[in-house]
Amino acid sequence: MEKDLIRIGDIEKFSLVDFPSKIAAVVFMQGCPWRCPFCYNQSLQNPNGESDASWEHLIHLLEHRKGMIDAVVFSGGEPLMQNNLPQAMDAVAAMGFEIGLHTGGYNPEMLQKVLDKVIWVGFDIKAPFDDEHYKRATGGIGEVAKIRKSLEMLIKSGKHFECRTTCDPRLLEIADIYKIADELSALGVKEYYLQKYRPVPEDKTTTESECEKFLHDAELTAYLKSKFPIFATRH
Ligand code: SF4
């Protein structure tokens, strides 16, 4: 087994919330091309960031978790940034674990390579699908064409997946959520979640009521329920 097959920033040994209906370990892969202003994993952004976790450590841990967890979720950072992701997923699947993926859809070519390996995908939608807005929500980098391509590929694959949006009031208005809902629904997305933004340490001005306003807007949530067979808010 290659010692450093993928770069890992951290490992959550046991999670009930990162893969629907499964007990999972979560691998936080080191490196993300984006710089979302609401990022709570800033230490994972630098692809060469320091970490105590390693591929070798993960495999050792999984050897001792057989029969105790069902699945391993590759999260980030952005897992699609690392070229050895397919090999890493194959190795973990060969140990008997189901594979999940958290992604923003940054790299459709890599998504294509791993799609047949994954059982479930959590797909982050940062903003309505226009370049200016998406770039603002990803620190000036996200390209809508690539993200749409990834999402369309995922929909076509027939895999179980969800889309979710973190409602940062510094970046999104209520009207933007209507736009996102219309876009996703038109593409065929069936499962959507609104996630509450929790102010990052450098955000000293956003209030609790601003963070809550999306999730407590009765008209908006009724609209989202009408658009998606599965919709919920996450506080
Ligand atoms: S996609 Fe955004 S929120 Fe996720 S790790 Fe990268 S910078 Fe952070």
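Before moving on, here are some points about what is shown:
- Among (1) touching an Asp or Glu at 6+ places or on another chain (Cβ under 7 Å); (2) within 16 Å of the ligand (Cβ to nearest atom) - the single one Ala24 does not satisfy: (2)
- Residue count for the range 79-130 under the criterion of being of a type outside the set (A, V, I, L, M, F, W, C) and in contact with a Gly (Cβ under 8 Å, 6 or more places away or on another chain): the result is 9.
- The range 98-124, subset in contact (Cβ under 8 Å) with a residue 60 or more places away in the chain and surrounded by 21 or more Cβ atoms within 10 Å (Cβ to Cβ), residue farthest from the ligand (Cβ to nearest atom): Trp120
- Of all residues in the range 31-87 being in a strand (DSSP E or B) and open to solvent by less than 50 Å² (accessible area, probe 1.4 Å), the one that is nearest to the ligand (Cβ to nearest atom): Ser75
- Test: residue in the range 209-229 that is touching a helix residue (DSSP H, G or I) at 6+ places or on another chain (Cβ under 9 Å), within 14 Å of the ligand (Cβ to nearest atom), at negative phi and not in a helix (DSSP H, G or I): no
- Meets criteria (modelled with pLDDT of 95 or more, crowded, with 17+ Cβ neighbours inside 10 Å, within 13 Å of the ligand (Cβ to nearest atom) and aliphatic (A, V, I, L, M)) for Ile147: yes
- Odd one out for Arg136 among (1) within 13 Å of the ligand (Cβ to nearest atom); (2) surrounded by 20 or more Cβ atoms within 10 Å (Cβ to Cβ): (2)
- When Glu98, Glu50 are checked against the criterion of being at pLDDT 95 or above and of a type in the set (D, E, K, R), a single residue qualifies: Glu98.
- If you go through the range 88-125 and pick out every residue that is of a type in the set (Phe, Trp, Tyr) and either at positive phi or assigned to a helix (DSSP H, G or I) (or both), you end up with 0.
- Selection status of Glu63, modelled with pLDDT under 95 and more than 15 Å from the chain's Cα centre (by Cα): no
- The range 150-181, subset of a type in the set (S, T, N, Q) and either part of a strand (DSSP E or B) or free of Cβ contacts under 8 Å to residues at least 24 places away in the same chain (or both), residue most open to solvent (accessible area, probe 1.4 Å): Thr166
- Residues in the range 182-208 that are assigned to a helix (DSSP H, G or I) and either open to solvent by 20 Å² or more (accessible area, probe 1.4 Å) or hydroxyl-bearing (Ser, Thr, Tyr) (or both): Asp182, Glu183, Ser185, Ala186, Leu187, Glu208.
The values are calculated or read from the model by the stated rules, or taken from the named source; none is laboratory data. Bear in mind that the values here come from a model prediction, so they are computed numbers and not experimental data. Neighbour counts are summed over all protein chains in view; Cβ atoms, including those assigned to glycine, are modelled from backbone coordinates with ideal geometry. The accessibility values were calculated without ligands, DNA or RNA, using every heavy atom of the protein model including side chains. Shrake-Rupley method; radii C 1.70, N 1.55, O 1.52, S 1.80 Å.
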